[in-house]
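Read-outs throughout are calculated quantities, based only on the coordinates presented, and are distinct from any laboratory measurement. Treat the numbers as computed from the prediction; the structure is a model and nothing was measured. Virtual Cβ from ideal backbone geometry, glycine too; neighbours counted across all protein chains shown.
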Amino acid sequence: MGFIMPITIRVKDVMDEKVFTVDAEDPVRKALETMLEKSVWSVIVSDKGLPVGVITERDVIRRCIMKGKDIDKTKCREIMSSPLITIEPDKPLSHVWTLMTEAGVRRIYVVQDGKIVGRVTQTGLFNKLLELVLALSSVKYTL
């Protein structure tokens, strides 16, 4: 006789811990340099040590470069997206999809004890789910 064992995947199981920060008063160039140096496409913007927003490569292109703003004179706070969309690490993975869809964002930040400990991106989420599907398809089972 077989039994069904549910598999629960939590946010912490798929999050990426590569999260980097720039100051709200830093020039946009600093955000771009950080993204390139760290091989990420978003950085958290902090003000007095508290996260207040995020800058993505799209923000730089759409809100700075395409508007003719100088990346050395424009402050990060001027082009950041705010507020941050966050989730707790122990939430079920399905909550991430819902948040991304409702908020129309491509990344959700994972917060634990008031601190950002990771992020979940659409691309990263897709890759993790694909790995899971492939792993599950190779599992042998009997009825």
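Numerical summary
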quantity: Modelled label reach - Ile85, point 7 Å along Cα→Cβ, region 49-67 residues with backbone N closer than 17 Å; calculated: 52-59
quantity: Summed side-chain charge close to Val19 - residues other than Val19 whose Cβ falls under 11 Å, Lys, Arg +1, Asp, Glu -1; calculated: +3
quantity: FRET efficiency for Gln112 and Arg62, using Cβ-Cβ distance with R0 set to 35 Å, rounded to 0.05; calculated: 0.65
quantity: Dipole of region 11-137, positive direction: furthest Cα of Thr121, Val110, Met15, with charges on the beta-carbon; calculated: Thr121
quantity: Cβ-placed point charges (K, R +1; D, E -1), dipole of region 11-137 about Cα centre in debye, nearest 20; calculated: 360 debye
quantity: Top positive-direction residue, dipole computed over region 7-143 with Cβ charges, set Ile65, Ile79, Leu32; calculated: Ile65
quantity: Proximal lysines relative to Lys67, as straight alpha-carbon distance under 23 Å, when same-chain residues fewer than 8 apart are discounted; calculated: Lys30, Lys75
quantity: DSSP beta bridge pairing in region 11-137, given as percent antiparallel to the nearest 5; calculated: 75 percent
quantity: Packing-based ranking, highest mean first, of 124-137, 26-39 given that Cβ atoms within 10 Å are counted; calculated: 26-39, 124-137
quantity: Estimated FRET transfer efficiency when R0 is 41 angstrom, pair Val139-Lys38 (beta carbons, to 0.05); calculated: 0.70
quantity: Bridge type composition, region 70-143 - antiparallel percent by DSSP, nearest 5; calculated: 75 percent
quantity: Förster radius 30 Å - calculated FRET efficiency between Thr123 and Leu50 (Cβ-Cβ, nearest 0.05); calculated: 0.65
quantity: Segment Thr21-Glu102, length gained on full extension (0.36 nm per residue, minus Cα span); calculated: 26.6 nm
